[in-house]
Amino acid sequence: MNKLFKLKNWLTLEETSRRLTSSFQEDFSEADCLQLALDGHIKISALIEKSKFGILCKEDDTNNILSDFVGFMKNNSGFPNDILKTAEDNIPLEMKICRFGNVFRIPTGVYDLPMIGAERLDVLHICSQFQGREPAAFICLEGPFLNNN
């Protein structure tokens, strides 16, 4: 079975669970795999098989740059506390997504889920079901995001 895992480009959730169980010599459930993906330890992907449509988007790194600069300011004692507080209070914590281009047909393939939109809520929902908990009722009108890198 290990040779087959090495040949595959992607694994199902069940196969991932079995692979982690055999690799770490302890039980990994499908819910554990989803939790690892939500925590950013493993990537989760979606197989797009039928005609789906999308719009090209990209992350706006401005907030990350500003956040890094505030970190720099904190680590250097030359900045007054009132300036630090103003900078911290005025930097948005949310990531911005910029749309560009027209609607297009998404080619068949496997796409990584960046866990920043509806895909995160969907995985949280499935994870709750696997764990026997009542899923939260969140809605994201933007839809899921896919990485095409």
With a Förster distance of 35 angstrom and the Cβ-Cβ distance between I139 and L11, calculated FRET efficiency to the nearest 0.05 equals 0.75
Expected unfolding gain across R105-D39 under the 0.36 nm per residue rule, minus the alpha-carbon gap, is 20.7 nm
Given a Förster distance of 30 Å, the FRET efficiency implied by the Cβ-Cβ spacing of A118 and K58, rounded to the nearest 0.05, works out to 0.95
Amide H proximity to S45 below 5 Å, modelled H, separation 5+ or other chain, gives L113
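The numbers here are math on the coordinates, done by the rules we state, and not lab data. Here the structure is a predicted model, which means the values were calculated and not measured. Positions of Cβ are generated from backbone atoms using ideal geometry, with glycine treated the same way; all protein chains shown enter the neighbour counts.
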